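The values are calculated or read from the model by the stated rules, or taken from the named source; none is laboratory data. What you see is a predicted model; the values in this text were computed from it and never measured. Glycine also receives a Cβ, built like all others from the backbone with ideal geometry; neighbour counts cover every protein chain displayed. Protein only, heavy atoms only, side chains kept; ligands, DNA and RNA dropped before computing areas. Shrake-Rupley method; radii C 1.70, N 1.55, O 1.52, S 1.80 Å.
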Amino acid sequence: MKRNIGDLAVFGGSSAFLQPLYVGRPNIGDRTRFFDRVNWALDHQWLTNGGPLAREFEGRVAELAGVRYCVSTCNATVALQLLARATDLTGEIIMPSLTFAATAHAFRWLGLTPVFCDIDPVTGCLDPALVEAAITPQTSAIVPVHLWGRPSAVDQLAKVAAEHGVKLLYDASHGLGCTSDGRPIGGFGQAEVFSFHATKVVNAFEGGAVVTDDEELAKRIRSMHNFGFNQGRVSTEAGTNGKMTEAAAAMGLTSLDAFDETVRHNEANYEIYRSELAGVAGLKVVEFDRAERNNFHYLIVEVDAAVTGLHRDLLGDVLRAENVVCQRYFSPGVHEMEPYRSERPVTLPHTERLAQKVLALPTGPTVSREDIRRVCDVVRLSVQRGHEVTRRADDRAKTMAGAQGKGK
Ligand SMILES: Cc1ncc(COP(=O)(O)O)c(C=O)c1O
């Protein structure tokens, strides 16, 4: 256990972990089942093109999301693009900036214009009143994100979208297995998109899906993700290749088999983090509405530098020196990245404030109770002595700059 600032690895102490502890390790599940599935695909020489594994995966995802249709894809970025094309979007798309860059890039890549809108500072998700104010005659859709699996304001957003005649399409990349008022994420808006990237709560190596209750929309996306072909393999419109392979579906099914256990482990980890970090002034562990279901896949802390004297970035440096490979999900906001910051500069005060504070810490089934205790020891020590850590880091930076100057 580290008791003094001098024990921190960033100031010369030994690292708390010999091996790196990562955020977003893949949830693989039972490897034997995975290899059995892959062997089945090889034995039957059916590797892609809507094979039985991809179809089984789609059925299981639809069930979990409480919807009638699911089209699996090669990733969520392409799923968002298929959805944009299949709903004939044009012009401006309103979305949050506190998200992964792909939310915006998917639409920008199609020549559409992401319009970033500020968030509710409590939930981190789009503020419906600000969304309404951002609607123009060019707006064709709202694309909210259920940030870290916390549901967006689905009812208010549905009202805004209906009143203004624009589409409501969710980027639900984080939301598998989560609910809003007991209703599963997946069934909101015209459609929702999940990601099954290796870092997500369920992974298919790379993968995604569009889920919807709209039969015609599902049919169009299914055709579009296979070159725009109809049943007779004749193209009816320009499509793309967005299919999920059988190997990816084998991984997705195996990861899905482990989903309940993964969530149980994540929730237990979350409770340990909460109790270990309770009462540390200026540090908040992200809150989930416990009346809802959540996958607890993201363990986010907010560091308030005004209270702690320690900026989130310095805490990140301290942790990385201990071999704790934390992540700044999602900072800076996408509106502060290119091409958006040059093309369409905007100020989003709530987004910018929250983006300065958030840090994702390791969780998941491979992270043990003891790992968390050790991570929290470092976090507590650094935050509680935040001013001192900052002073020492500044002094060290000055000394190093001086030494470099002399070396010239
Ligand atoms: C909110 C969000 N949207 C979109 C994506 C893109 O997903 P993919 O990597 O499956 O294309 C991700 C993560 O990767 C994400 O976190």
Study note, to complete from the structure: Once all protein chains are kept in place, Phe205 shows an accessible area at probe 1.4 Å, nearest 10 Å², of 100 Å²
Practice item. Over the chain, calculate the relative contact order: mean separation of alpha carbon pairs under 8 Å at least 6 apart, over the residue count, as a percent. Key: 23 percent
Practice item. Taking the Cα centre of segment 31-257 as origin, work out the dipole magnitude from +1 charges on Lys and Arg Cβ and -1 charges on Asp and Glu Cβ, in debye rounded to 20. Key: 600 debye
Point to revise | Under Karplus coefficients 6.51, -1.76 and 1.60, residue-wise ³J(HN,Hα) of segment 127-144 in Hz, glycine/proline x | key: 8, x, 5, 6, 4, 4, 5, 8, 6, 10, x, 8, 6, 10, 7, 10, 10, x
Check your understanding: So, with a 1.4 angstrom probe, what is the percent of accessible area on the chain that is carbon and sulfur?
Key -> 51 percent
Revision key, fill the gap. Phi angles of segment 279-295, converted by Karplus (6.51 cos²θ - 1.76 cosθ + 1.60, θ = phi - 60°) into ³J(HN,Hα) in whole Hz with x for Gly and Pro, give x, 7, 4, x, 10, 10, 8, 3, 9, 10, 5, 6, 6, 9, 8, 9, 8
Review point. Expressed as a rounded percentage, what relative contact order does segment 259-402 have, with Cα pairs under 8 Å and six or more residues apart?
Key: 33 percent
Revision key, fill the gap. Rounded to the nearest 10 Å², the accessible area of Asp155 using a 1.4 Å probe with every protein chain kept is 80 Å²
Review point. 222 nm [θ] for the chain, helices only, -39500 (n - 2.57) per DSSP H run of 4+, per residue, to 500?
Key: -12500 deg cm²/dmol
Point to revise | Under 17 Å, Cα to Cα: Lys pairs in the chain, sequence gap 8 or more or different chains | key: 5
Point to revise | Estimated FRET transfer efficiency when R0 is 25 angstrom, pair Glu343-Gln156 (beta carbons, to 0.05) | key: 0.30
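When the solvent-accessible surface of protein heavy atoms is calculated with a 1.4 angstrom probe, in what order do Asp213, Asp377 fall, highest first? Don't skip to the answer; put the middle values down first.
Details: Asp213 75, Asp377 25 Å².
Reading off the accessible areas and sorting them downward yields Asp213, Asp377.
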Check your understanding: Residue by residue through segment 341-355, which ³J(HN,Hα) values in whole Hz follow from phi under the Karplus form 6.51 cos²θ - 1.76 cosθ + 1.60 (θ = phi - 60°), with glycine and proline marked x?
Key -> 5, 7, 6, 8, x, 9, 10, 10, x, 5, 4, 5, 5, 5, 4
Practice item. Counting only heavy atoms of the protein chains, get the accessible area per residue of segment 265-312 (1.4 Å probe) and round it to a whole Å² value. Key: 40 Å²
Exercise for review: Run the 1.4 Å probe and let me know the accessible area of Tyr22, rounded to the nearest 10 Å².
Suggested key: 80 Å²
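Protein chains only, probe 1.4 Å: how do Arg108, Arg85 rank by accessible area, largest first? Present the calculation step by step, with values, prior to reporting the outcome.
Working: Arg108 85, Arg85 130 Å².
Greatest to least solvent exposure: Arg85, Arg108.
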